[in-house]
Number of protein chains: 2
Amino acid sequence: MSATKPLILQDSQFMARALELAKRGLFGTSPNPRVGAVLVKNNQIIGEGWHQRAGDKHAEVLAIEDVSVRGLASAENSHCYVTLEPCAHFGHTAPCADALIKAGIRKVTIAMVDPNPKVSGKGIKKLEDAGIEVVTGLLKQEAEKLNQGFVSRMTRQRPWVVIKLAMSLDGRTALSNGVSQWISSPESRQEVQRLRAQVCAILTGSGTVQGDDPRMTVRADDLGYAHSLISIPTRQPVRVIIDGQQRLNADFQIFKQPGKSIIVLPRGAKTAAQFVKAVAQHDIEVLLAPTISDASGDHVDLDFVLQQLASKWQVNELMVEAGAGLSGALIAQNLFDEIQIYMAPKVLGHKGKGLFNLPEFEQMAEIINVRFQQVRAVGRDIKLTIKASDTSNSNETKENTLVSGV
Amino acid sequence: MSATKPLILQDSQFMARALELAKRGLFGTSPNPRVGAVLVKNNQIIGEGWHQRAGDKHAEVLAIEDVSVRGLASAENSHCYVTLEPCAHFGHTAPCADALIKAGIRKVTIAMVDPNPKVSGKGIKKLEDAGIEVVTGLLKQEAEKLNQGFVSRMTRQRPWVVIKLAMSLDGRTALSNGVSQWISSPESRQEVQRLRAQVCAILTGSGTVQGDDPRMTVRADDLGYAHSLISIPTRQPVRVIIDGQQRLNADFQIFKQPGKSIIVLPRGAKTAAQFVKAVAQHDIEVLLAPTISDASGDHVDLDFVLQQLASKWQVNELMVEAGAGLSGALIAQNLFDEIQIYMAPKVLGHKGKGLFNLPEFEQMAEIINVRFQQVRAVGRDIKLTIKASDTSNSNETKENTLVSGV
């Protein structure tokens, strides 16, 4: 028993290193998952790799190449630790399973199996058929968390949806006249920039665009990283704008920024044509969505929009930066996974704008329940991470530390 | 140097023990401060005492008596650790300074000097004049925190004001129809009961009384303490009800509970007479207050009310359990020291009732700034402790851990 303990520890350490490498792809791999790989021989790392950008080489292949870059003879008989099941199909690149077999790898330890039900297990089978020992599940939770968006798209056919908000102590996002600069601290705003840089797409509504005329782009300098420490994204998240009332035109800033914009209009929208025309200058696409009618009028079918973002544009992670209307609709329809709130030590009063427009409830039994996952100090603010209560699972709740130190 | 170190450590330990004893008076000493005392001889505790109730013996005298209770010979030549400067004046009891002198105490270490400018230092002088060595300031901050209400009354002539609120994630205290049971968790409600039991008085408004007809009493069984572990209060906090619009009568529950109620009415109020009449059955007092006029009408002068509560009723600590009107007025007029918010993982929506009624702000520069002092998990809720930003002091901010573990 005691003799095996140090080995188990090292297994986790090598996988932790692979996860660390995978995280370097946080800002770049979309729509691909973040993957890291480590090759080990005689308890020594002989090669490392991580996926950097869709279309580029995969982590396993880069790790194998890294062996010769380091001037070592070969990856033969080494042990590969990889955060995601190696692929078995031809995409932009040849299957990684084949590359591992060709390199003569002895054993492969995998954190998580490919979440795509159609391909899941095929990479493992290919490796095992070639006589390679395969172990799965080491640091599985960490690997899944790193790719929660990819898992969501593969298993639920919709993105992982994070509603981001900055609010005052009394739950207000702006003064009654719309002024909201700056509720949250510089440190909080920098974190939001980093989240923007990670996600595949940002969702907003026509009200926010009309009111603030924002750009919603990532500016590498605003991330606060030393350029040498992390690969800074050249990629811009896709900007998705819901315009159910056809109030926008292509002249707003958001449509003129580098990267793609998707304008979501109700089917039969008259304004669709002008956006299609604007494609010539800017990368704008139009998504025509069905509408749903309720007491407060016609609304674009948000469930449809999320599904389209996943299937047509491969959006893994979606950040919502919107007003109380769109944020409230997502909450009311349970189309969210996380709410990230930056709470500022300020009081705006009852006339300030609220967070979520929701129907009028008559009993407490009707209200929407969520759960706190983490609380953290950010500058003078507090950041609350909240989960939809239906994504709750007892294991996760147990293992999380609700409140973490500064 | 190194030889003195263990002694310094023990000094703090004895004072920490005295503070622990003082805390046993949390629910009982009002309007007196909480005080604990320890007598030490040859590095052994030979007597302990704490003040339990106004009118009863003081901590120092009880500690001296405790020596013989333990069957020990005498307190002579012992070292007394006491959390507050011993008194030098005759009140309900004889001066403690005299008792210490008479007992032949060799040295007295005091955490904090009496905050009352008129008597401060007189106890120390009396001891020193009798040839006793006096040291002050050991664990001063802890002692001051334990008696922050008493310090406030002595130095600012107003109580320490804590605004207590339960709110949803989106800053709502109730549904639009007034329903608010139960936003916060059972654990949070138990904490509020404990806070109620500690404070000298609870402040509320006529809106809350009319809407909920609450009792606002302490029920020992709701505190969740084992009866043997702590002295359970028989004392009820004074209930203070602001009724600027003269909407109340003596039939509401709050006026019929054990303990005192104070109804605050505008000067010349026609309803005052009926409350005076009700005094026969219940302990009700009437405070007639001047009014202040602003754009939204006439309001009772809250600053005057707080001063009267301190001077006439010796209120050290005041907890505010009120609606958005009264809470907002206290915030707007900067008549508060702390806000304690129990935040529930629930979303009530924009139609729910807000926390603070405040004037309409046009610029962010006009809003009210506060600061987070602590965040803590309570059951499924989060408790935020917030300080008025003008009570900020750099020492305190540095020494506090903003976010503490569960």
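At a glance:
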{"read-out": "In the range A:174-197, the residues that are crowded, with 23+ Cβ neighbours inside 10 Å and within 11 Å of chain B (Cβ to nearest Cβ)", "value": "A:Ile183"}
{"read-out": "Selection from the range B:79-95 of residues that are within 25 Å of the chain's Cα centre (by Cα) and at pLDDT below 95", "value": "B:Cys87, B:Ala88, B:His89, B:Phe90, B:Gly91, B:His92, B:Thr93, B:Pro95"}
{"read-out": "Any hit, the range B:376-391, residues being assigned to a loop (DSSP other than H, G, I, E, B) and hydrophobic (A, V, I, L, M, F, W, C)", "value": "no"}
{"read-out": "Matching residues, the range A:35-63, being open to solvent by 20 Å² or more (accessible area, probe 1.4 Å), under 28 Å from the mean Cα position of the chain (by Cα) and among the aliphatic types (A, V, I, L, M)", "value": "A:Ala54, A:Val61, A:Leu62"}
{"read-out": "Neighbours by Cβ (under 9 Å, 6+ apart or cross-chain): first from the range A:362-374, more than 7 Å from every other protein chain (Cβ to nearest Cβ); second of a type in the set (D, E, K, R) and open to solvent by 30 Å² or more (accessible area, probe 1.4 Å)", "value": "A:Gln373/A:Glu396"}
{"read-out": "Unmet criterion (only one of (1) away from chain A (no Cβ under 14 Å); (2) in a helix (DSSP H, G or I); (3) over 15 Å from the mean Cα position of the chain (by Cα)) for B:Gly207", "value": "(1)"}
{"read-out": "Some residue of the range B:299-309 being touching a Pro at 6+ places or on another chain (Cβ under 9 Å), away from every other protein chain (no Cβ under 14 Å), among the aliphatic types (A, V, I, L, M) and in a helix (DSSP H, G or I)", "value": "yes"}
{"read-out": "Of all residues making up the range A:342-361, the number that are among the basic types (Lys, Arg) and at the interface with chain B (Cβ under 7 Å from one of its Cβ atoms)", "value": "2"}
{"read-out": "Single unsatisfied condition, B:Asn147 versus (1) modelled with pLDDT under 95; (2) more than 14 Å from chain A (Cβ to nearest Cβ)", "value": "(1)"}
{"read-out": "Residue in the range B:257-271 that is at pLDDT 90 or above, surrounded by 16 or more Cβ atoms within 10 Å (Cβ to Cβ), closer than 25 Å to B:Gly178 by Cα and among the basic types (Lys, Arg) present", "value": "no"}
{"read-out": "Near pairs, Cβ below 7 angstrom, 6+ apart or cross-chain, from the range B:133-158 (more than 8 Å from B:Met112 (Cα to Cα)) to any residue that is open to solvent by 70 Å² or more (accessible area, probe 1.4 Å) and in a helix (DSSP H, G or I)", "value": "B:Val134/B:Glu128; B:Leu146/B:Lys23; B:Gln157/B:Gln307; B:Gln157/B:Ser311; B:Arg158/B:Gln307"}
{"read-out": "Counted residues, the range B:174-202 - those being in a loop (DSSP other than H, G, I, E, B) and within 23 Å of A:Thr385 (Cβ to Cβ)", "value": "3"}
{"read-out": "Top-ranked residue of the range A:134-159 - restricted to ones that are touching a strand residue (DSSP E or B) at 6+ places or on another chain (Cβ under 6 Å) and closer than 26 Å to A:His79 by Cα, ranked as most open to solvent (accessible area, probe 1.4 Å)", "value": "A:Lys140"}
{"read-out": "Members of the range A:317-346 that are of a type in the set (S, T, N, Q) and open to solvent by 10 Å² or more (accessible area, probe 1.4 Å)", "value": "A:Gln333, A:Asn334, A:Gln340"}
{"read-out": "Among residues of the range A:64-79, those that are open to solvent by 40 Å² or more (accessible area, probe 1.4 Å) and either closer than 14 Å to A:Arg17 by Cβ or of a type in the set (Ser, Thr, Tyr) (or both), counted", "value": "2"}
{"read-out": "Test set (1) within 22 Å of the chain's Cα centre (by Cα); (2) open to solvent by 30 Å² or more (accessible area, probe 1.4 Å) - B:Pro237 fails condition number", "value": "(2)"}
{"read-out": "B:Leu335 vs. criteria over 20 Å from B:Val238 (Cβ atoms), part of a loop (DSSP other than H, G, I, E, B), within 14 Å of chain A (Cβ to nearest Cβ) and not aromatic (Phe, Trp, Tyr)", "value": "no"}
{"read-out": "Lone qualifier among A:Val315, A:Val264, A:Val276, A:Val286 - being aliphatic (A, V, I, L, M), more than 14 Å from every other protein chain (Cβ to nearest Cβ) and part of a helix (DSSP H, G or I)", "value": "A:Val276"}
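The values are calculated or read from the model by the stated rules, or taken from the named source; none is laboratory data. All values derive from a computational prediction rather than experimental measurement. Cβ: placed from backbone, ideal geometry, glycine included. Neighbour counts: every protein chain shown. These accessible areas exclude ligands, DNA and RNA; they are computed on the full protein's heavy atoms, side chains included. Shrake-Rupley method; radii C 1.70, N 1.55, O 1.52, S 1.80 Å.
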